[in-house]
Amino acid sequence: MKKTIILAAIVCLTITNAFAQNCNYEKNEIDPVTKKQLKITKGEILTGKLVLNANMLAIKGIKNDQDILLLCGLTIQSKTEQTILVKKGYKVFLILEDGSNVEIESVADFKGTLFADKNFGNFQYGIDAQFEVTKDALAKIQNKKVKMVRMEVDMNGNKFNKDTEIKDKKQDEISNLLKCVN
């Protein structure tokens, strides 16, 4: 009987470890004042590289008590100086592997920052915006690959869509980060 219980425990631990999420956190703590949990994953670069002349999309998962957020960091090149904004209510569309899409909304206004003046003939801007991931959106994203990200951005008062295709090896990163903060 003892051997059966020990064997069952070993099998359960092996299965649990096989399905365990590999999460890397920038922060995973309880706020000493509010007593609320805060989790922030380390950033994951989905496209581009950390060089000044590349368009880049990077993400982080955030959980602040009950709210789940996706932080999207984007670099944009422009031939002219711009004011770059992601306004409250602007959306990120996550196009999934099955052709469906999930919309998540910006929680506030975010302004881009000029970080390279006329690098290789272009101005370089970076913008980080937070988007709320509802329980419904989270359920749709779980265990699905994201093939493309469309982010609504405002440049000098003109709204446009910034589309970013995600390479095959990075397509499961968004759902993985959200699992880490759920």
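Can you tell me which residue in the range 110-133 is surrounded by the fewest Cβ atoms within 10 Å (Cβ to Cβ), limited to those that are without any contact (Cβ under 8 Å) to a residue 60 or more places away in the chain and of a type in the set (V, I, T)? Residue satisfying both the conditions and the ranking: T113. Residues in the range 135-182 that are touching a residue at least 40 places away in the same chain (Cβ under 8 Å) and of a type in the set (S, T, Y): 1 in all. Looking only at residues in the range 54-64 that are modelled with pLDDT of 65 or more and assigned to a loop (DSSP other than H, G, I, E, B), the one that is surrounded by the fewest Cβ atoms within 10 Å (Cβ to Cβ) is N55.
Scanning the range 75-86 turns up no residue that is under 18 Å from E165 (Cα atoms), free of Cβ contacts under 8 Å to residues at least 40 places away in the same chain and crowded, with 19+ Cβ neighbours inside 10 Å. Listed by first and then second residue, the pairs linking a residue in the range 19-42 that is more than 11 Å from D65 (Cα to Cα) and assigned to a loop (DSSP other than H, G, I, E, B) to a residue that is acidic (D, E) and modelled with pLDDT of 85 or more, with Cβ atoms under 7 Å apart and 6 or more places separating them unless they lie on different chains, are K42/E26. Taken together, F123, F110, F160, F115 contain a single residue that is aromatic (F, W, Y) and closer than 30 Å to Q66 by Cα, which is F110.
Rundown of residues vs (1) basic (K, R); (2) crowded, with 16+ Cβ neighbours inside 10 Å; (3) not in a strand (DSSP E or B), yes/no style:
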residue: C72; (1), (2), (3): no, yes, no
residue: V102; (1), (2), (3): no, yes, no
residue: A108; (1), (2), (3): no, no, yes
residue: A139; (1), (2), (3): no, no, yes
residue: V153; (1), (2), (3): no, yes, no
residue: D163; (1), (2), (3): no, no, no
residue: I174; (1), (2), (3): no, yes, yes
residue: L177; (1), (2), (3): no, yes, yes
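Of all the listed residues (V11, V51, V92), the sole one being closer than 24 Å to K169 by Cβ and modelled with pLDDT under 90 is V51.
The values are calculated or read from the model by the stated rules, or taken from the named source; none is laboratory data. In this text, all values refer to a predicted model and were calculated from it rather than measured experimentally. Positions of Cβ are backbone-derived with ideal geometry, glycine not excepted, and every protein chain shown enters the neighbour counts.
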